[in-house]
Amino acid sequence: MSESKIDEMIQKLLAGDRRMLARTITLVENERKGHHDVMKQVYPHTGEAMIVGITGAGGTGKSTLTDILIAKFRKQGKKVGVVLIDPSSPFTGGAMLGDRIRMKKHAQDKGVYIRSVASRGAMGGLSRATYDIIRVIEAFGMDIIIVETLGTGQDEIDIIHLVHTCLVVFTPAMGDDIQAMKAGIMEIADLIIMNKADLEGAYTFIRHLQGAITTANIPEGAWVPKVFPTVCDSDKPGEIRGQDEVIEGIYEHYDFLQKAKVLDKIKFERLELELGLILRDELQNLIFKGMKGTGLKRKYIGSIIDGENDPYSVVKEILDIYVLHRKEIEK
């Protein structure tokens with residue numbers, strides 16, 4: 001992609017062209033030609049959005065909560081971007097679920113942009129593309145970006161590196177699994193959402209959650225997670241409740257981060273992980289490019305299968321050849 005085309009793309013993106021936003025996201029997600037040059041121009045226009053993460057086990061009502069929060073933020077005049085992390089298709093690598101049907105009502109709202117992103121089976125959780133996509137949506141001018149994860153595996157934990165405020169959603173049905181409150185996912189929760197609070201056992205579980213917070217080893221002066229009971233789905237609209245309090249909690253947590261000067265620390269950690277992902281991907285691409293046409297890749301894999309070698313020794317040898325001694329090879 002020529003420099004002039006990239007400049008035109010960025011100008012349209014910054015001007016609020018939704019089609020260009022979609023095209024830019026597709027370009028960076030699929031790492032097409034010009035991806036790096038586009039992101040170089042995107043970066044100076046990022047860092048202003050408030051990023052909210054929503055995670056939790058499947059069936060807890062994450063998407064329904066997201067849908068309601070979008071509507072409420074819009075009533076406040078906020079422009080909202082939504083990134084939905086979906087399972088990857090084993091055949092295409094693309095998102096299998098697509099934009100969730102229940103959020104279609106926001107499709108005509110120019111102040112809302114919803115994008116489903118394939119997890120692509122990223123080792124360690126969220127893919128590098130997720131970081132780039134959030135940056136692009138930030139540059140587009142959204143005030144708030146909601147990132148909703150699959151709710152399974154490492155992406156539950158990794159989301160903390162992406163967002164300012166992390167919401168973890170539970171339901172009364174999880175009340176018997178007290179160990180869940182001691183798991184790593186509880187450690188990332190800034191706001192704990194007790195959804196389906198109209199079901200039996202909800203307030204007993206809320207007491208368990210509050211007890212877990214009370215006994216947790218939270219450093220002095222640090223944010224103390226808060227529990228919010230919600231009902232996000234009901235046959236009677238009047239029974240939908242708790243979301244206004246959740247939004248107040250989100251703003252309260254963000255204000256805390258600003259007053260405690262924690263935002264710089266979050267920014268540093270986010271960039272540290274981002275750099276790691278970029279380095280990992282670029283190093284892998286560099287090595288595979290160097291091995292292309294040599295038959296070494298097949299040879300290495302064959303030697304491991306035959307029991308003549310092991311993955312760790314192979315990786316060390318490859319790094320020695322293609323990274324550590326690259327300058328000598330190029331000479």
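At-a-glance table
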{"read-out": "Which numbered condition Asp17 misses (of (1) over 25 Å from Tyr251 (Cα atoms); (2) touching a strand residue (DSSP E or B) at 6+ places or on another chain (Cβ under 8 Å))", "value": "(2)"}
{"read-out": "Boolean, Tyr300 is farther than 30 Å from Ile134 by Cα, exposed (fewer than 11 other Cβ atoms within 10 Å of the Cβ) and modelled with pLDDT of 85 or more", "value": "no"}
{"read-out": "Any hit, the stretch 211-223, residues being under 14 Å from Thr165 (Cα atoms), open to solvent by less than 70 Å² (accessible area, probe 1.4 Å) and not aliphatic (A, V, I, L, M)", "value": "yes"}
{"read-out": "Single unsatisfied condition, Lys267 versus (1) at pLDDT 95 or above; (2) touching a Gly at 6+ places or on another chain (Cβ under 8 Å); (3) closer than 22 Å to Gly47 by Cβ", "value": "(1)"}
{"read-out": "Residues that are modelled with pLDDT under 90 and over 12 Å from Ile54 (Cβ atoms), drawn from the stretch 132-159", "value": "Thr152, Gly153, Gln154, Ile157, Asp158"}
{"read-out": "Residue in the stretch 268-275 that is exposed (fewer than 12 other Cβ atoms within 10 Å of the Cβ) and aromatic (Phe, Trp, Tyr) present", "value": "yes"}
{"read-out": "Enumeration of residues in the stretch 189-210 that are touching a residue at least 24 places away in the same chain (Cβ under 8 Å), assigned to a helix (DSSP H, G or I) and open to solvent by 40 Å² or more (accessible area, probe 1.4 Å)", "value": "Tyr203, Thr204, His208"}
{"read-out": "Failed criterion for Lys265 (all others in (1) in contact (Cβ under 8 Å) with a residue 60 or more places away in the chain; (2) open to solvent by 100 Å² or more (accessible area, probe 1.4 Å) hold)", "value": "(1)"}
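The values are calculated or read from the model by the stated rules, or taken from the named source; none is laboratory data. Here the structure is a predicted model, which is why all the values come from computation and not from measurement. Reconstructed Cβ throughout: ideal geometry from the backbone, glycine too, with neighbour counts over all protein chains shown. Keep in mind that these areas ignore ligands, DNA and RNA; they rest on the heavy atoms of the full protein, side chains included. Shrake-Rupley method; radii C 1.70, N 1.55, O 1.52, S 1.80 Å.
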